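Worksheet: the structure to be examined is printed underneath.
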Amino acid sequence: MRKIYGIIIAIALIFGAFTPVEVLAKTSDISVNAEYLIRDQDGIHSRYVVLATNASGADISVKADFYALDASGKPIKVVHDYADAVKNGQNFIIYGQFKNDSIADVASFSYDIRVETTGSCRYDAIGLDVQKDDSSTLNVAGTNFSGSDVNLVNVRSVFFKDGVPVAFETVNVGDSAYVLHSGNTNTQQLAMVPVDYDDYIVTYTVSCDNPLTEF
């Protein structure tokens with residue numbers, strides 16, 4: 001039987017204050033390290049980003065609901081996110097993406113994270129190499145060192161300037177449809193949209209639907 005964990009966190013953060021938020025909650029299952037509200041460069045979307053650690057003692061899958069709340073605490077928009085497989089002890093990013101015109105009246109945000117143990121995590125099958133080129137683009141190369149194909153490697157990154165989050169990006173690393181084949185390497189790029197940053201955080205998750213041949 002799979003064990004199910006849950007955490008519900010409500011926060012008061014005025015829209016427009018795009019600065020890091022202090023750690024608001026910790027449980028024995030999920031440790032929340034930081035929370036950020038980040039406006040996209042195009043001004044169309046904003047993302048509420050949670051950087052957390054799997055402290056459950058097991059590999060888990062993660063599902064999250066993010067709520068934009070009005071002044072009375074009533075949800076005006078709900079969005080969802082998930083991570084198929086997070087290794088025990090691994091940092092991960094979960095986020096809610098909102099269209100700015102749908103949350104014009106937002107007063108605060110909250111979120112509900114639910115986790116469930118899983119046997120599909122293949123974090124250790126992947127080697128991830130991140131290199132910054134002359135144009136400040138991050139080249140992310142993922143290599144499948146295992147003896148079997150795995151699902152796409154989902155990479156997520158927060159970019160900072162002087163300690164303040166200025167951008168968020170995500171990319172999938174694979175070489176065929178939704179797969180990264182055994183022994184293959186695929187490279188994708190982050191920070192292709194010009195943004196002035198001096199630091200970044202990169203996390204990734206990878207899963208497999210079938211038993212793997214070991215290395």
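Work out how much length residue 31 to residue 80 would gain on full extension: take 0.36 nm times their residue separation and subtract the Cα-Cα distance, in nm to one decimal.
15.7 nm
Could you order 178, 111, 95 so the one with the most accessible surface comes first? Probe is 1.4 Å.
Final ranking, largest accessible area leading: 178, 95, 111.
Out of residues 5 or more away from residue 70 or on other chains, whose amide H comes under 5 Å of its own, with H placed 1.01 Å from N in the peptide plane?
Long-range HN contacts for residue 70: 76, 107.
Using a 1.4 Å probe on the protein heavy atoms only, what accessible surface does residue 205 show? Give it in Å² to the nearest 10.
Counting only protein heavy atoms, residue 205 exposes about 20 Å² to solvent.
Could you order 114, 156, 122 by accessible surface area, starting with the largest, using a probe radius of 1.4 Å?
My answer, sorted largest first, is 114, 122, 156.
Quote the accessible area belonging to residue 135 in square angstrom, nearest 10, computed with a 1.4 Å probe and with ligands, DNA and RNA left uncounted.
80 Å²
Just the Kirkwood number for the range 98-215, please: inverse of mean 1/r across all distinct Cα pairs, in Å, one decimal.
16.2 Å
For residue 40, enumerate residues with amide H under 5 Å from its amide H, sequence gap 5+ or separate chain, H modeled in the peptide plane.
45, 46, 47
Which whole-Hz couplings ³J(HN,Hα) result when phi for each residue of the range 168-176 is put into the Karplus expression 6.51 cos²θ - 1.76 cosθ + 1.60, θ = phi - 60°, listed in order with x for Gly and Pro?
With coefficients 6.51, -1.76 and 1.60, one gets 9, 9, 9, 8, 9, 9, x, 10, 7 Hz.
Expressed as a whole number of Å, what is the distance separating the alpha-carbon centroids of the range 132-171 and the range 48-122?
19 Å
Would you tell me the accessible area of residue 105, worked out with a 1.4 angstrom probe on the heavy atoms of the protein chains, in Å² to the nearest 10?
That residue has around 120 Å² of solvent-accessible surface.
The values are calculated or read from the model by the stated rules, or taken from the named source; none is laboratory data. Since the structure is predicted, the reported quantities are computational estimates derived from the model, not experimental observations. For the accessible areas, the whole protein counts, side chains as well, though only heavy atoms, and no ligand, DNA or RNA atoms are used. Shrake-Rupley method; radii C 1.70, N 1.55, O 1.52, S 1.80 Å.
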